[in-house]
1. Determine the dipole magnitude for segment C:83-208: charges of +1 sit on the beta-carbon of Lys and Arg, -1 on that of Asp and Glu, nothing else is charged, the reference point is the Cα centre, and the result goes in debye to the nearest 20.
2. Counting each pair of different Cα atoms once, what's the Kirkwood radius of segment D:149-258 in Å, rounded to one decimal?
3. Averaging sequence separations of C-alpha pairs under 8 Å and six or more residues apart, then dividing by the length of chain C, give the relative contact order as a whole percent.
4. Counting each DSSP H run of 4 or more residues in the protein assembly as shown as -39500 (n - 2.57), what helix-only mean residue ellipticity at 222 nm follows after dividing by all residues, to the nearest 500 deg cm²/dmol?
5. Taking a label point 7 Å out from Cα toward Cβ, give me the nm distances from D:Ala160 to the same spot in the other copies, shortest first, one decimal.
6. Given H placed 1.01 Å from N in the peptide plane, which residues other than close sequence neighbours of B:Lys206 have an amide H under 5 Å from its amide H?
7. For segment B:95-141 and segment A:87-128, compute the distance between their C-alpha centroids and round to whole Å.
8. How high is the relative contact order of segment A:172-318? Use alpha-carbon pairs under 8 Å, at least six apart in sequence, and give a whole percent.
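Please treat every number below as a calculation from the coordinates, not as lab data. Because the structure is predicted, anything quoted here is derived from the model rather than measured. Cβ coordinates were reconstructed from backbone atoms using ideal geometry, including for glycine residues, and neighbour counts include every protein chain displayed.
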Amino acid sequence: MERTDTADGPSKVMSMKEAVAAFVHDGATVAIEGFTHLVPTAAGHEIIRQGRKDLTVVRMTADIVVDQMIAAGCVSRLVSSFVGNSSAGSLGELRRRIERAGPAPLAFEEYSHYGMVCRYLAGSQRLPFYPLRSYGGSDLPSVNSDLRKVTSPYPGPDGQPEQIYVVPPVNPDVTIIHAQRADRRGNTQIWGLTGIQAEAVYAGDKAIVVVEEVVADDVVRSDPNRTLVPSHAVDAVVVCPRGAHPSFAQGYYDRDNAFYRAWSHISKDPERLRAWLAEWVYGTADHAEYVDRLGEDFWAGLAVGEALSEPVNYGRRL
Amino acid sequence: MERTDTADGPSKVMSMKEAVAAFVHDGATVAIEGFTHLVPTAAGHEIIRQGRKDLTVVRMTADIVVDQMIAAGCVSRLVSSFVGNSSAGSLGELRRRIERAGPAPLAFEEYSHYGMVCRYLAGSQRLPFYPLRSYGGSDLPSVNSDLRKVTSPYPGPDGQPEQIYVVPPVNPDVTIIHAQRADRRGNTQIWGLTGIQAEAVYAGDKAIVVVEEVVADDVVRSDPNRTLVPSHAVDAVVVCPRGAHPSFAQGYYDRDNAFYRAWSHISKDPERLRAWLAEWVYGTADHAEYVDRLGEDFWAGLAVGEALSEPVNYGRRL
Amino acid sequence: MTTTAPETVTSSELLSVVASRELASRRTVFAGIGLPTLATELAHLTVASQIEVVYESGVCGAHPSHLPETIADAVLISGAEAVLSMPALFGCVLQGGHIDVGFLGAAQIDRWGNLNTSVIGDWERPAVRLPGSGGAMEVMANSHEVFVVMRRHNPRSFTAELDFCTTPGPDRALAEGIRPLGAGVTRVITELGILARAGVGEELRLVAVHPGVTVDQVRAATGWDLKAAASVDTVPPPTEAELRLLREDVDPGRVYLR
Amino acid sequence: MTTTAPETVTSSELLSVVASRELASRRTVFAGIGLPTLATELAHLTVASQIEVVYESGVCGAHPSHLPETIADAVLISGAEAVLSMPALFGCVLQGGHIDVGFLGAAQIDRWGNLNTSVIGDWERPAVRLPGSGGAMEVMANSHEVFVVMRRHNPRSFTAELDFCTTPGPDRALAEGIRPLGAGVTRVITELGILARAGVGEELRLVAVHPGVTVDQVRAATGWDLKAAASVDTVPPPTEAELRLLREDVDPGRVYLR
C-alpha cells in the first residue's frame, strides 16, 4: 500500500514572481502572518514590485513590511491589532496616512490581538462568529461595527443571562506565511514561535507558503507532528532563503534589530522612504538580489549556532 | 539571568496512589482523555482500587477503561460521543446499564465528537459556549437540553439571520491524561496522535499527567514546541510505564488488539467481568504488578522498533 | 490466504471496487478503516491518483508500513505527512470544508440519507445501545458529499422511519433553519446495488443493480417505497485489473478483504 | 557600562525594584520586555521564587542565554519549557485565567485604571496614532490583577478623561454588563510613587511616595482629583541587596537598566 513518490500529486513549488502573479490580485484581501518571527517580508516586496493596488491587508502586527506596502501604494485598507514598529518606534508612512490622510487616506479596522486570533479561528473553522471575553467597556466597538454581542443561551455565573462579544470570521482571498521548511507538495513545518499561521492558512481561500528550504519528503515524514500546515491547504511553495529579513527564522538566522531601529528614521522621512524602496525593492529583481546586495559579512552577523532538538521515537512495527 | 534548576519550583512527581487520593474525589467530574492513543488505563484502575463512587466521567471515546470503571461501581454519569469498544465490538457493562438499567442505571449525556471537542475548547478558554456547525436536524437536542442555539449577529450568506448550535463548556474537577514524557514539574511532551489532551487539561480544575517516563529538564527544553501542556497547568506527574495498555504509546509499545477483541467477550458476561477485575485490578497492588503479571514475553509482542524524528535546529546566539 | 479466482468475487471486493469508481477525480476523503480504506486505496491506483485520506484521528497523508487495524493505528502515524490535533482536524479540515467525500456507515438509513447510530428502540431505554455519533455528525454536516457503504440491504436497516436520528442529512437540518455545507448522502453502495441522490430535496433512488439483482428485489429489501431511476443500470462487475490491484497491491494480506 | 554606585539609583532601577516587591508570592506573570522583565527576574531572586513569566509570543518557562530584546527574541525560544500557539496562549493560558499578574503600559490612564494606547486626539483623524491594543485588552480582561509601570507621571498621561479607551478596566466592562475575570489595575508604579486600588468600584489612590516626593507633588502631576490613602507611606528605597542582584545578576549588561 506504500505509495510511490511520483504518484502523490504534483509539486507546488514555484517562484515568488509566479506565486504573487497567480494568487495576489488587485483589490484582494491578503493575510500576511508571522508574529515577529517568520514575517513574510520577501513576499511583501514582490507584491510591491508587481505593483498591486487596492489591497486589504490583514495582519495582527502591522510592522515594517506593511509600512513598506502602504508606502508603495499597494494598500487601501488595513485590518490589524498592533500598528507599530515592534518596540523600536513608529511606522512613519502608516502614521502619515492615518494622522494626515497623506498622501491618501488609509481605512483602518482596529482589533485587539485576540480579536484577530478569533477572526482567523472563525475563518478557518467556517464559523459565523467567534466569542471572546474582551471588548466589554472598550471604545473600539464604537469605531468598529463588526464588534458585536451575543447572549449566551446558558445562564451566567449569577444565574442571569450573560452577554459576550464576538468577532466575525476573516476569509482572505490569499494568506501568505513564511516557514522554515516544506516538502514540494506543501506539507509545512514550523518551529519556535508558531503564532496564528496555521489558522490563517486555513482561513484563506488560497495559501502561499514561503520557505527557507524545500526538503525531501522523508524529512517531513520523520516528524509529522511538526507539520503545522498539511499540503491540502497549500497552493504554492516558494523557496526564498532569508525571505523573513529583518525578522528572524529560528535556527536559520537572527533578527536584524538594527534595521528595526533604522526603520523608524527611514520611514519618518517620505523622501528617504522612497529612496529605500527604490534601492532595495524596485532596484532588486528579486529577493536573491536583495540578499546578495546585503553581502555575506552582513549575513554572518545574523548567523546562529546549533541547538538541535533531541529526536523522539515514532516507532515502527516489528 | 539563567535560573538554577533547584529554584524552578518543586517537583510534582508522585505515585498513582497519591495522585488519585489527592485529586479524584467521590462525586467528582473526571475527564479521562486520549483518543485511542495514550488512554490512561492505569489511572482508571487505581480509581477502581480506591473505590471512588458517583463519578461523572467525561470522555470522547468511552471504551474499555470506562466499561471497567462502570462495572466497578465508580460511575453514575457518563458524558461521551462514542460508547463502544473501538471497532472490536461492544462494552458489555455499559450496554447492560443503559439497556436494562442493571444492576443500576447510568445517566448518559450524548454528544458528537466535535461537540465534545468544543466543550473542552469552551472549558479551556473560559467561554460561556462554543459554536459548531453540527446538530441541525439531529434528534440529540431532544434528549440533551444542553445543546442550544444562538443567532449570529452577522447576516448569513443569504443576508438573513443565521442560527448555529452551541455547546456549553465542560470544566472537570480533574483531568487525567497519559503522555510519553514530562519533566518533574509537569512540562509534558506528546507525539503521534495528540487529540484533545491539552484542552482537556486546561479545562480541568486540576490535572494529573501520567507518563511513560520523567526526563531531564534539558530533554524537554531541547524541543519546546513538543511541550503540549506547560507545567503551570499540571498538578501531578505520575510515572507509570505501560500505563496506557491495552492502548498504545507511540514509540514505546503497540496496541494490544487481541485484548480489545477479548473485552467484548469478557464484558458480555457479568461473572467473567467481575473475575477479570478481581484478578487484574483488585488483585494487583498497582500497575507495576499488572505489568509484571502480564510477563516479559507478552510485552515483547507489543515492542516497537526505532523510527527517530530528524532533529531541528532551534539555534543559539553566537 | 490464497487469492480468490476472479469469478468468485467476495462481497468486500465487490463493494470496494464499486465504491472506488465513485471516487473518480476526488481529492480528499474522510474515511474509517475497512471498506472505505480499500475503496480509497484502489481509487488511488485507478481513477483518483491524487486522492488523500484524512482520518478522524488526525492523520493526513499516511504512508503506512502495514495495513492499519484502526484509524489510530501506530503505522498510520509513523511516516505520515501530518498529524493534527482534534481541534484542527474537526475545526479546520472538516468544518473548514476541505473534505470532498466522507464515508459513513449506520445501523439505519432513511430515504433522505439521515442516519441512526445511537439506539435501536427508545433512546431512554433502548433495546440496543449503539456507539453513537463519533464524528459522523460532523462528517455529514461538513463534507461536500457522503458515501454510505452498507453490506446488508434489508428493511430494518433501510427504514421508512429511523428509531433515532443521530446524524441528519441537509434536509432535516434545513427544516430547522440550519444550512449545512454539503449535499449529504449522495451514494449508498450495498450488496444489491447503488442508491443515489443529488442533494437537498431529493430522495435516494435506485440507480444501479448488481448483475442478477432485480429492481423488485431491491425494493423488497428496502423499508420505504423506493423509487427507481428511469433507467436502472447494471453495475459493471469488477474487472480483472481492479481485482488484481485490490488483491495483490492494496490488501495482499486480506486484512479487510473477507 | 560600569555599575552605578548605590546612592545614585536610576529611574529604571527604582521602578524595577518597587515593582518586584509587589510581585511577592505571585506565580504567573504576563509581561513584556523591559521594566517588567527586570521586576519579574528580581522578584524571582527575592520575593517570588516560583514566579514564571509568560510572554505574548507564546513562550512559557524561558531560560534565555542572553537578555531578550523583544518578547519574541530567539533566545527566549531556545531552551524554553514550552512554546504555545496564539490560540493556546490567548485562549487557554490568558482567557483561561492562568495569569496572576499582567503588566501593561499606556499613553493615558484614568482614575479607574482604564487605558488608552490607540490615539491622541480623535480616533478618525488622530493627532498621534499609537500602536493600539496588541494583547493589552486581553491581559486586562483576563489577568487576576494588572500592574502598570509608567516612567512619566504627568497630567497628560494621568488624565481625567481618556481620548479613547482602548483597554477598559472591569468598571467600564461591568457598566456594559460584561463581567471580567480580574480586578483590573491594582498597582500603578511611577517615578513619583505608587497608586493602588483593590478592584471594582474603587478609584486609584495614592498609597506611597518615593523619598523626597510630597503628596501635593503627585496630585499636581495627576490630571484628576487624586485621592490619597489615610496614611501615605514612603517607599523604602532600594536596598543594597536588591540593587546588587539587579545590577550583577539580572541585567549585568545594562540592556534595560538605562
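1. Charge dipole of segment C:83-208: 260 debye, to the nearest 20.
2. 15.9 Å
3. Relative contact order here is 19 percent.
4. So the calculated ellipticity at 222 nm is -6500 deg cm²/dmol.
5. Here the equivalent label points are 8.0 nm apart from this one.
6. Result for B:Lys206 returns B:Val174, B:Thr175.
7. Between the Cα centres of segment B:95-141 and segment A:87-128 lies a distance of 39 Å.
8. Relative contact order comes out at 22 percent.
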